[in-house]
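Student: Attaching a single structure in C-alpha cells format; questions to follow.
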Amino acid sequence: MKNDDHGPICAATRFSVACDPLFFTTLRTVAGIYIHIPFCKRKCNYCDFYSCTSLELAEPFLSALEREMELRREELPVGPIATLYIGGGTPSLLTPVQADRLIGAVGRHWDCSALRETTMEVNPDDVRGDYLEQIARLGVDRLSIGLQSLVDGDLQLLGRRHDTAKALAAVAAARRAGFDNLSVDLIYGIPGMSLARWGDNLRRVVDLDAPHISAYHLSVEEGTPLASMVRRGELTEVDEDQSGEQFDLLCRTLGEAGYEHYEISSFARPGFRAVHNSAYWSGEPYLGLGPSAHSYDGRRRSWNVASTEGYIEGGDIRQGEELGERERYNEYVMTALRRIEGVDMATLRRLFGPRQASYFERCATEQVQKGRLLRGGDNYRIDEPNMLVSNEIIASLFSI
Ligand code: SF4
C-alpha cells in the first residue's frame with residue numbers, strides 16, 4: 001500500500017493548527033503509522049511506485065528510519081497509535097532481525113499498547129522456512145500478500161518474481177504461522193485477460209478463503225516496461241467495456257462468496273475490514289516514514305524524498321503543503337465516496353459548515369437524478385455498478 005507524505009512542520013504552523021477547534025474535531029481519533037520499506041529485488045513490469053534494488057542499504061536505511069522517528073515522534077496526536085502498516089517496496093526482504101529492529105523502534109517512540117492492527121506486506125517469493133512464524137512473534141497480526149493473480153501467464157506478463165505454486169504456498173504458510181487476518185492483492189484489466197480467465201482466477205482466489213481481498217485495475221503507467229510493450233504494439237490495453245465486465249464479475253463473484261464490498265477496491269468478510277486503510281479513507285491523521293512516504297495531520301500533507309540514498313543522507317528530505325478549506329472539502333468528498341458508507345451529511349456539515357453542505361447537496365441531487373449517486377437518509381453514496389467510473393462522479397461534487 002502506498003501513501004502520500006510531506007515535509008517539516010514549523011513551530012508556528014503547529015501552534016496555529018493546534019489552536020483551531022476544527023483541527024481537534026478532525027483529530028479526535030488515534031492515528032496510524034505507515035512505514036515504507038524501499039527495497040525490491042527487481043522492478044515489476046507495471047510498477048511506478050518508488051523502490052530501489054540496493055538491498056545493501058538496508059542497515060543504513062533502518063538507522064535513518066530511527067532518526068526520522070526521533071525527529072517526528074511528536075507530530076501525532078497524544079495517545080496510543082491505532083495501527084501500524086509496514087508497506088513498500090517489499091517489506092518481506094527485511095530479515096526477521098531487521099523487522100524486529102524496526103518494530104522495536106516504533107515501540108520506543110510511540111505508545112503501542114492499544115494497537116488494533118499491525119500489517120506487513122509480503123511477497124510470496126520471500127516466504128521460506130519459518131519466516132512468517134518469526135514475523136508473527138514480533139507482533140505482526142495481519143499479512144497483505146501480493147498474490148496479484150493465480151494465472152502463471154499473468155504473473156509473467158506483470159514481471160512478478162513468483163508463480164502460482166509459490167502464491168498458494170505463501171497463503172498456506174501464513175495459515176500455518178497462525179495468521180487468520182490475511183489480505184490478498186489481485187490485479188484485473190491485464191492485457192489479454194479474457195473474462196473467462198478472470199472468472200476462473202476469481203474462483204480460485206475465493207477457494208483460498210482469505211478474509212480480505214484488494215482488487216485493483218491495472219494502470220499502464222508511463223516509463224514502465226508495460227507502457228513500452230503497449231507502445232510497441234506488443235500488448236493492447238483492455239477497453240472500457242472489458243474493464244466494466246471484469247469489475248462486474250469481480251463484484252458478483254465476491255458478493256456471492258460472502259464478501260462485503262466496503263471500498264472501491266476492497267472486499268472483506270464480516271469483521272475483517274482493513275483498519276489502517278479505513279482510517280485513511282475517513283480522513284484520519286497518519287504519519288508516513290521512509291523514502292517517498294506521505295503524511296497527513298488533518299491540515300497539512302507532507303512527503304519524503306523518493307530516494308533511499310537521499311533519505312539516508314538526511315537533511316532537508318521533506319516537502320509539504322497546507323490544505324485550504326476547499327482542498328480539505330474535496331479530499332473529504334473523494335475519500336468518503338470511495339467507501340460504502342459514502343458522504344454523511346451531518347459530518348460534512350460539522351466539518352465544513354452549512355454553506356458548503358448546501359453546495360454539496362445541490363451537486364449531489366443532480367447526480368441522484370442522473371442515477372449515478374444513491375441517497376439513503378442523510379447519506380450519499382456511489383452504487384456498485386458506478387464505482388469503476390467514480391472519478392467522474394466525484395469530480396462533479398468538488399468545490400472549484
Ligand atoms: S514488488 Fe511491489 S513495489 Fe516492488 S516493483 Fe513489484 S509492484 Fe513495485
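Student: Looking at Gly146, Gly192, Gly129, Gly159, which is the one that is within 13 Å of the ligand (Cβ to nearest atom) and farther than 23 Å from Tyr85 by Cβ?
Tutor: Among Gly146, Gly192, Gly129, Gly159, only Gly159 is within 13 Å of the ligand (Cβ to nearest atom) and farther than 23 Å from Tyr85 by Cβ.
Student: So, in the stretch 103-130, exactly how many residues are buried (at least 18 other Cβ atoms within 10 Å of the Cβ) and hydroxyl-bearing (Ser, Thr, Tyr)?
Tutor: So the count comes out to 2.
Student: When only residues in the stretch 162-177 that are in contact (Cβ under 8 Å) with a residue 24 or more places away in the chain and away from the ligand (no atom under 16 Å from the Cβ) count, which is surrounded by the fewest Cβ atoms within 10 Å (Cβ to Cβ)?
Tutor: Initial filter on the stretch 162-177 (in contact (Cβ under 8 Å) with a residue 24 or more places away in the chain): 162, 166-171, 173-174, 176-177.
Okay, now just the ones that are also away from the ligand (no atom under 16 Å from the Cβ), so 168-169, 171, 173-174, 176-177.
On the way: Leu168: 17, Ala169: 15, Val171: 22, Ala173: 22, Ala174: 23, Arg176: 11, Ala177: 18.
Ranking the qualifying residues of the stretch 162-177, first place goes to Arg176.
Student: What's the number of the only condition in (1) hydroxyl-bearing (Ser, Thr, Tyr); (2) assigned to a helix (DSSP H, G or I); (3) outside the structural domain of Ile145 (by TED's automatic domain parsing) that Ser243 fails to meet?
Tutor: Going through (1) hydroxyl-bearing (Ser, Thr, Tyr); (2) assigned to a helix (DSSP H, G or I); (3) outside the structural domain of Ile145 (by TED's automatic domain parsing) one by one, Ser243 breaks only (3).
Student: Looking only at the stretch 41-84, count every residue that is within 16 Å of the ligand (Cβ to nearest atom), touching a residue at least 40 places away in the same chain (Cβ under 8 Å), closer than 12 Å to Thr308 by Cα and among the hydrophobic types (A, V, I, L, M, F, W, C) and tell me the total.
Tutor: Going residue by residue through the stretch 41-84, those that are within 16 Å of the ligand (Cβ to nearest atom) are 41-55, 57-58, 61.
So of that shortlist, the ones also touching a residue at least 40 places away in the same chain (Cβ under 8 Å) come out as 41-50, 52, 54, 57-58, 61.
Subsequent filtering for residues that are closer than 12 Å to Thr308 by Cα retains 50, 52, 54, 57-58, 61.
If we keep only those that are among the hydrophobic types (A, V, I, L, M, F, W, C) as well, we get 52, 57-58, 61.
Residues flagged as within 16 Å of the ligand (Cβ to nearest atom), touching a residue at least 40 places away in the same chain (Cβ under 8 Å), closer than 12 Å to Thr308 by Cα and among the hydrophobic types (A, V, I, L, M, F, W, C) within the stretch 41-84 amount to 4.
Student: Please go through the stretch 364-386 and pick out each residue that is hydrophobic (A, V, I, L, M, F, W, C) and touching a helix residue (DSSP H, G or I) at 6+ places or on another chain (Cβ under 6 Å).
Tutor: Residues satisfying the conditions are Leu373, Ile382.
Student: If you don't mind, there's one more thing I want to ask. Spot the failing condition for Glu117; the list is (1) in contact (Cβ under 8 Å) with a residue 60 or more places away in the chain; (2) farther than 20 Å from Arg175 by Cβ, and only one is missed.
Tutor: (2)
Student: Just the residues that are within 17 Å of Gly290 (Cα to Cα) and either free of Cβ contacts under 8 Å to residues at least 40 places away in the same chain or not hydrophobic (A, V, I, L, M, F, W, C) (or both), please, taken from the stretch 85-98. Lay out the reasoning, then the answer.
Tutor: Let us first name the residues in the stretch 85-98 that are within 17 Å of Gly290 (Cα to Cα), namely 85-94, 98.
Residues satisfying the conditions are Tyr85, Gly87, Gly88, Gly89, Thr90, Pro91, Ser92, Gln98.
Student: The conditions are (1) modelled with pLDDT under 95; (2) surrounded by 19 or more Cβ atoms within 10 Å (Cβ to Cβ), and Gly290 fails exactly one of them. Which is it?
Tutor: (1)
Student: Let me ask another. Which of (1) open to solvent by less than 70 Å² (accessible area, probe 1.4 Å); (2) in a strand (DSSP E or B) is the odd one out, the single condition Tyr216 does not satisfy?
Tutor: So the condition that Tyr216 fails would be (1).
The values are calculated or read from the model by the stated rules, or taken from the named source; none is laboratory data. Fair warning: this is a prediction, and the values are worked out from it, not measured in the lab. Neighbour counts are summed over all protein chains in view; Cβ atoms, including those assigned to glycine, are modelled from backbone coordinates with ideal geometry. Areas reflect the complete protein model, heavy atoms only, side chains present, ligands, DNA and RNA absent. Shrake-Rupley method; radii C 1.70, N 1.55, O 1.52, S 1.80 Å.
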